[in-house]
């Protein structure tokens, strides 16, 4: 196979793996050092994951390189980068939390996994069903970054706000809300 065709075939998958690497890197960084600077960097890495996720799908469609394997890999990457990483960033900044925190935080990646599985089973559509996990992860990372820039120490009111936001985003991901694809006409 000539190099141009190989690039065309594998470019979307490379971006998908970059997305996954970013999500795993967030978790590893936070396990090593949960400082304020690391949490901010982790949010920026989630934002880079958003760009990778957008462009892997965009390239796959434009280069006619959509594959079932690519679709599955994309969902695994999205679950790590937008489902698990934002929760890890939040937990890294939390020094203590109440009994109801963990179930709400677990609901978020579970709802994301359900949303991704439902997406993988649906055929072609001009709309996503439910809020895409990429958008939900972006909102959580942006919220965490904003708070970590202006404060850093989680107050009780911020924790309630973040948990409420996580819960609402979880509901939106599993809802029947129709969200138009950004790159489709």
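Please enumerate the residues belonging to region 37-73 that are part of a loop (DSSP other than H, G, I, E, B) and surrounded by fewer than 16 Cβ atoms within 10 Å (Cβ to Cβ).
Taking region 37-73 as the starting set, the residues that turn out to be part of a loop (DSSP other than H, G, I, E, B) are 63-67.
Those that are part of a loop (DSSP other than H, G, I, E, B) and surrounded by fewer than 16 Cβ atoms within 10 Å (Cβ to Cβ): 63, 64, 66, 67.
Going through region 129-139 one residue at a time, which ones are under 30 Å from residue 40 (Cβ atoms) and in contact with a helix residue (DSSP H, G or I) (Cβ under 7 Å, 6 or more places away or on another chain)? I'd like the intermediate steps shown before the answer.
Applying the first criterion (under 30 Å from residue 40 (Cβ atoms)) to region 129-139 yields 130-139.
130, 131, 133, 134, 136, 137, 138, 139 - these are the residues of region 129-139 that are under 30 Å from residue 40 (Cβ atoms) and in contact with a helix residue (DSSP H, G or I) (Cβ under 7 Å, 6 or more places away or on another chain).
Restricting to region 145-161, name every residue that is in a loop (DSSP other than H, G, I, E, B) and more than 17 Å from residue 105 (Cβ to Cβ).
Within region 145-161, 151, 152, 153, 155 qualify.
Scanning region 125-144 for residues that are touching a strand residue (DSSP E or B) at 6+ places or on another chain (Cβ under 8 Å) and not in a loop (DSSP other than H, G, I, E, B), which turns out modelled with the lowest pLDDT? Write out each step before concluding.
Here is the first cut: in region 125-144, the ones touching a strand residue (DSSP E or B) at 6+ places or on another chain (Cβ under 8 Å) are 126-132, 135.
Filter again for not in a loop (DSSP other than H, G, I, E, B), leaving 127-129, 135.
On the way: 127: 80, 128: 83, 129: 89, 135: 97.
This residue is 127.
Quick check, is residue 23 crowded, with 20+ Cβ neighbours inside 10 Å, at pLDDT below 95 and assigned to a helix (DSSP H, G or I)? Break it down into steps so the answer makes sense when it comes.
Details: crowded, with 20+ Cβ neighbours inside 10 Å: yes; at pLDDT below 95: no; assigned to a helix (DSSP H, G or I): yes.
It is false that residue 23 is crowded, with 20+ Cβ neighbours inside 10 Å, at pLDDT below 95 and assigned to a helix (DSSP H, G or I).
Inspect all residues belonging to region 108-115 and state whether any of them is surrounded by 13 or more Cβ atoms within 10 Å (Cβ to Cβ), in contact (Cβ under 8 Å) with a residue 12 or more places away in the chain and closer than 13 Å to residue 162 by Cβ.
Yes.
Just to be sure, is residue 167 part of a helix (DSSP H, G or I) and either within 26 Å of residue 37 (Cβ to Cβ) or more than 13 Å from the chain's Cα centre (by Cα) (or both)?
Values: part of a helix (DSSP H, G or I): yes; either within 26 Å of residue 37 (Cβ to Cβ) or more than 13 Å from the chain's Cα centre (by Cα) (or both): yes.
In short, yes.
Is there a residue being assigned to a helix (DSSP H, G or I), surrounded by 15 or more Cβ atoms within 10 Å (Cβ to Cβ) and without any contact (Cβ under 8 Å) to a residue 40 or more places away in the chain anywhere in region 94-104?
If we filter region 94-104 for residues that are assigned to a helix (DSSP H, G or I), which is where we start, we get 101-104.
Among the residues that remain, those that are also surrounded by 15 or more Cβ atoms within 10 Å (Cβ to Cβ) are: 101, 104.
With the extra rule that they be without any contact (Cβ under 8 Å) to a residue 40 or more places away in the chain, the set shrinks to none.
Taking every residue of region 94-104 in turn, none turns out to be assigned to a helix (DSSP H, G or I), surrounded by 15 or more Cβ atoms within 10 Å (Cβ to Cβ) and without any contact (Cβ under 8 Å) to a residue 40 or more places away in the chain.
Of the residues 159, 173, which single one is modelled with pLDDT under 95 and at negative phi?
Values: 173 fails: modelled with pLDDT under 95.
Among 159, 173, only 159 is modelled with pLDDT under 95 and at negative phi.
Can you go through 128, 162, 138, 76 and tell me which one is surrounded by 19 or more Cβ atoms within 10 Å (Cβ to Cβ), closer than 25 Å to residue 22 by Cα and under 14 Å from the mean Cα position of the chain (by Cα)? Give the derivation first.
Details: 128 fails: under 14 Å from the mean Cα position of the chain (by Cα); 162 fails: under 14 Å from the mean Cα position of the chain (by Cα); 76 fails: surrounded by 19 or more Cβ atoms within 10 Å (Cβ to Cβ).
Step by step, each of 128, 162, 138, 76 is checked, and only 138 is surrounded by 19 or more Cβ atoms within 10 Å (Cβ to Cβ), closer than 25 Å to residue 22 by Cα and under 14 Å from the mean Cα position of the chain (by Cα).
The values are calculated or read from the model by the stated rules, or taken from the named source; none is laboratory data. Keep in mind it's a predicted model, so treat the numbers as computed, not measured. For neighbour counting, all protein chains shown are included, and Cβ atoms are generated from backbone atoms with ideal geometry for every residue, glycine included.
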